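Enquirer: Pasting in a structure now, in structure tokens, and then I'll have a few things to ask.
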Amino acid sequence: MRTEKSQTPQCFVLRPQSYQMEYAMYDDLVTPELLARQILDFRQMQSFAEDPFVIVEGEGLHVTDHTGKQYLDGLSGVFVNSVGHRNRAVIGAMAEQLHTLAFAPPLAGTNPTALELTRDLLDFAGSGFGAVKLLSGGSEATEAAMKMARQYHKQTGHPHKFKILARYGGYHGATMGALSASGSWERKSIFEPLVAGFLHVHPPTCNACPYDHTLDECRAHDLFTCARHVERTILAEDPETVAAVIVEPISVSGAGFTVPPAEYLPMLRAMCDKYNVLLILDEIITGFGRLGTKFGGDCFGVVPDLLCVGKGMSGGYAPLSAVLVQEKVQAAFLGTPEERREFHHGHTYGGNPVAAAAGLAVLHLMRDQHLVENAAAMGTVLRAQLNAMAERLPGIRNVRGAGLLQGFDLDPAIYGPAPGPAVEAAAREHGLLARIGKNFVVFAPPLTIDEAGITMMVDRLESSIAAVAV
Ligand SMILES: Cc1ncc(COP(=O)(O)O)c(C=O)c1O
């Protein structure tokens with residue numbers, strides 16, 4: 001199934017009066033009693049029930065809550081809605097698929113839409129990727145990649161390679177293996193002990209270096225201690241026991257917003273090659289144009305052995321993720337059934353035809369509407385506007401990012417040690433959604449955004465931050 005070139009979703013669509021919803025209809029549903037019966041992610045339901053946030057519809061860059069209040073979606077849902085809300089091309093492709101085939105069991109075989117997505121995804125990715133494992137969520141993708149790394153080494157003559165090296169502050173998902181790779185105690189320690197064989201090193205947080213170096217010092221003296229610790233750890237553990245390194249090119253889900261220096265990922269790539277360790281890039285956030293390049297690795301000139309993608313892959317229209325596998329890795333999984341070399345892993349919804357139709361439609365929009373290029377161009381605009389805001393407002397520090405993933409820190413001397421919740425509340429008040437951490441703010445709007453959309457978002461953010469300055 002092929003999607004037609006889309007009827008371009010407009011950033012700002014004024015809905016005709018006849019479409020106005022009667023928001024009072026949600027009053028019976030959005031009650032404290034019912035709200036408290038849901039269990040939302042990482043959220044205290046008791047307080048949520050008192051101050052709920054219920055999104056009822058979306059259009060282009062906007063979403064609307066159950067009271068009828070509109071917000072500019074500066075976070076693409078949560079790094080997901082890459083082609084905006086209510087995109088007609090994606091909806092049309094999914095509807096067509098639903099009318100044809102809604103489910104095909106991956107245990108028994110595949111379906112044409114999954115095949116088409118595989119073909120076009122490999123074509124889009126290039127760089128030696130030879131196979132795709134289609135899945136349904138980010139954690140499924142990182143779990144699968146780490147299991148694949150272990151099985152790969154067993155089947156290529158290195159049966160003792162099983163350790164996975166990850167980073168403090170990283171986030172790779174909520175399931176036991178993905179959580180074991182993650183590095184924030186806030187999400188992990190309550191579930192310990194976790195899976196054996198996971199190691200952590202400090203991340204390249206140049207603005208708060210764990211080794212007290214500045215980036216200038218690192219460059220002047222070729223230090224890059226954070227990267228060198230990866231090699232030291234591999235050596236200290238015995239390279240014959242280390243299977244993979246997993247990192248996010250730019251991380252934002254765990255602790256803070258970490259943008260590594262240009263040197264960091266190429267150093268990791270070289271170390272992995274040196275010690276026969278697979279490099280897994282977790283691009284659940286950074287994949288599919290988010291950084292103004294097809295994948296985050298491209299931003300740093302690095303091609304991983306296993307590439308995990310999700311979120312923006314389906315634009316939020318269906319649960320969809322994937323692991324892209326380099327040809328050399330894929331080769332280790334081919335053989336006769338008796339050899340049992342096939343990947344011993346699967347999920348019921350992997351390669352689901354409706355999810356694949358959404359992914360295919362999004363991929364075609366990326367190509368036909370040049371969304372990767374738009375993300376690069378609009379990223380430059382966003383960075384310039386954030387820099388300009390930093391000149392007007394006090395205490396905006398370390399504006400950083402790539403493409404349409406841009407953010408900054410809030411100086412505790414001006415805003416207090418943890419201004420995040422207050423800024424988030426002010427932003428909601430001003431009709432803006434963004435990723436607002438304890439003391440940092442990140443924008444990740446849909447890749448379809450234009451300059452007017454960015455200006456509106458930054459204006460609203462500026463008013464929100466000004467409202468909480470102490
Ligand atoms: C970098 C990264 N990896 C993995 C995941 C897990 O994805 P999911 O929540 O779809 O399981 C996330 C989710 O936020 C993420 O940001």
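The values are calculated or read from the model by the stated rules, or taken from the named source; none is laboratory data. Note that the structure is a prediction, hence the values are computed from the model and not measured. Neighbour counts run over all protein chains shown; Cβ positions are idealised from the backbone, glycine included. Accessible surface is based on the protein model in full, side chains and every heavy atom, while ligands, DNA and RNA are left aside. Shrake-Rupley method; radii C 1.70, N 1.55, O 1.52, S 1.80 Å.
Enquirer: Round to a whole angstrom and tell me the spacing of the C-alpha centers of segment 272-304 and segment 352-401.
Expert: If we compute the Cα centre of each part, the gap is 17 Å.
Enquirer: Using the crude model of +1 on Lys and Arg Cβ and -1 on Asp and Glu Cβ, and no other charge, please compute the dipole size for segment 90-368 relative to its Cα centre, in debye to 20. Please report the intermediate quantities before stating the final value.
Expert: Numbers: 22 positive and 28 negative charges, 63 e Å.
Its charge dipole is roughly 300 debye.
Enquirer: Alpha carbon centre of segment 208-260 versus segment 47-106: separation in Å?
Expert: The distance from the Cα centre of segment 208-260 to that of segment 47-106 comes to 36 Å.
Enquirer: Right, something else. Of all the accessible heavy-atom surface of segment 90-368, with the other protein chains kept in place and a 1.4 Å probe, what percent is carbon and sulfur? If you can, show how the numbers build up before the last one.
Expert: Details: 6390 of 10990 Å².
C and S fraction of accessible area: 58 percent.
Enquirer: Just need log10 I(q)/I(0) for the chain at q = 0.06, 0.08 Å⁻¹, Debye formula, equal scatterers on the alpha-carbon atoms, no solvent, rounded to two decimals.
Expert: With no solvent term, the Cα-only Debye profile gives -0.27, -0.48.
Enquirer: Lysines within cross-link reach of K147: Cα-Cα under 24 Å, excluding same-chain residues under 8 positions apart?
Expert: Cross-link targets: K133, K161, K163, K188, K274, K311, K328.
Enquirer: Local charge sum around Y152 (other residues, Cβ-Cβ under 13 Å, Lys/Arg +1, Asp/Glu -1)?
Expert: On the way: positive: K133, K147, R150, K154, K161, K328, R341; negative: D305, E327, E342.
Net charge around Y152: +4.
Enquirer: Of Y264, Y211, Y349, which has the most accessible area with a 1.4 Å probe, and how do the rest follow in descending order? Don't jump to the answer; show the numbers that get you there.
Expert: Details: Y264 0, Y211 55, Y349 135 Å².
Accessible-area ranking of Y264, Y211, Y349, largest first: Y349, Y211, Y264.
Enquirer: List the residues, sorted by chain then number, that are 5 or more residues from Q406 or on another chain and whose placed amide H is less than 5 Å from its amide H.
Expert: So Q406 has HN proximity to F443.
Enquirer: Moving to a separate point now. Using the Karplus curve 6.51 cos²θ - 1.76 cosθ + 1.60 with θ = phi - 60°, work out ³J(HN,Hα) for each residue of segment 94-109 in order, rounded to whole Hz, and write x for Gly and Pro.
Expert: 5, 4, 4, 5, 4, 6, 9, 7, 8, 8, 9, x, x, 5, 9, x
Enquirer: Report the accessible area of L115, computed with a 1.4 Å probe over the heavy atoms of all protein chains in place, in Å² rounded to the nearest 10.
Expert: Using a 1.4 Å probe on the heavy atoms, I get roughly 100 Å².
Enquirer: E192: accessible area at probe 1.4 Å, nearest 10 Å²?
Expert: 100
Enquirer: Can I ask one more? Does segment 165-310 come out rounded, prolate or oblate by the C-alpha gyration tensor, with a ≥ b ≥ c the root eigenvalues, rounded set by a/c under 1.5 and, if not, prolate when a/b is larger than b/c and oblate if not? Numbers along the way, then the final one.
Expert: Working: a/c = 1.27, a/b = 1.14, b/c = 1.11.
It comes out rounded by the Cα gyration axes.
Enquirer: Over the chain, calculate the relative contact order: mean separation of alpha carbon pairs under 8 Å at least 6 apart, over the residue count, as a percent. Please report the intermediate quantities before stating the final value.
Expert: Values: 923 pairs, mean separation 95.8, N = 470.
Value for the chain: 20 percent.
Enquirer: Now for a separate question. Which order do Y275, Y168 take when ranked by solvent-accessible area (1.4 Å probe, heavy atoms of all protein chains), largest first? Don't skip to the end; give the middle numbers.
Expert: Details: Y275 35, Y168 105 Å².
I get Y168, Y275, largest accessible area first.
Enquirer: Follow-up question, since we're still on this one. Summing Lys, Arg as +1 and Asp, Glu as -1, what charge do residues with Cβ under 12 Å from the Cβ of T31 carry, T31 excluded? Intermediate results must be reported in sequence, preceding the final value.
Expert: Numbers: positive: R37; negative: D27, D28, E33, E50.
Neighbourhood net charge equals -3.
Enquirer: What value, in deg cm²/dmol to 500, does the helix sum -39500 (n - 2.57) over DSSP H runs of n ≥ 4 give at 222 nm once divided by the residues of the chain? Numbers along the way, then the final one.
Expert: Numbers: 18 runs with 178 residues, N = 470.
Taking each H run of at least 4 residues, the total per residue is -11000 deg cm²/dmol.
Enquirer: Can you tell me how segment 336-470 classifies by the Cα gyration tensor, rounded, prolate or oblate, using a/c under 1.5 as the rounded cut?
Expert: Numbers: a/c = 2.76, a/b = 1.93, b/c = 1.43.
Cα axes put segment 336-470 in the prolate bin.
Enquirer: Is the shape of segment 239-345 best called rounded, prolate or oblate, per the rule: a/c under 1.5 gives rounded, else a/b larger than b/c gives prolate, else oblate, with a ≥ b ≥ c the square roots of the Cα gyration tensor eigenvalues?
Expert: On the way: a/c = 2.22, a/b = 1.27, b/c = 1.74.
Because a/c hits 1.5 or more and a/b fails to exceed b/c, segment 239-345 counts as oblate.
Enquirer: Looking at the chain, send over the antiparallel percent of its DSSP beta bridges, to the nearest 5.
Expert: Numbers: 30 of 47 bridges.
If I count the DSSP bridges inside the chain, around 65 percent turn out antiparallel.
Enquirer: For the chain, with the dipole built from +1 on Lys and Arg beta-carbon atoms and -1 on Asp and Glu ones, taken about the Cα centre, which of I465, V399, V54 lies farthest toward the positive end?
Expert: Farthest along the dipole direction, towards plus: V399.
Enquirer: Accessible area, 1.4 Å probe, largest first: how do V362, V399 sort?
Expert: Details: V362 0, V399 30 Å².
Accessible-area ranking of V362, V399, largest first: V399, V362.
Enquirer: Express in Å², to the nearest 10, the accessible area of K69 obtained by rolling a 1.4 Å probe over the protein heavy atoms while all chains stay in place.
Expert: Counting only protein heavy atoms, the figure is 70 Å².
Enquirer: So, with +1 on the Cβ of K and R and -1 on the Cβ of D and E, and no other charges, what is the size of the charge dipole of the chain about its Cα centre, to the nearest 20 debye? Kindly include the intermediate steps, with their values, before the conclusion.
Expert: Numbers: 38 positive and 50 negative charges, 144 e Å.
Magnitude of the dipole: close to 700 debye.
Enquirer: Right, something else. Provide the per residue accessible area, probe 1.4 Å, for the chain, rounded to a whole number of square angstrom. Write down the numbers at each step before the final one.
Expert: Values: 20420 Å² over 470 residues.
Value for the chain: 43 Å² per residue.
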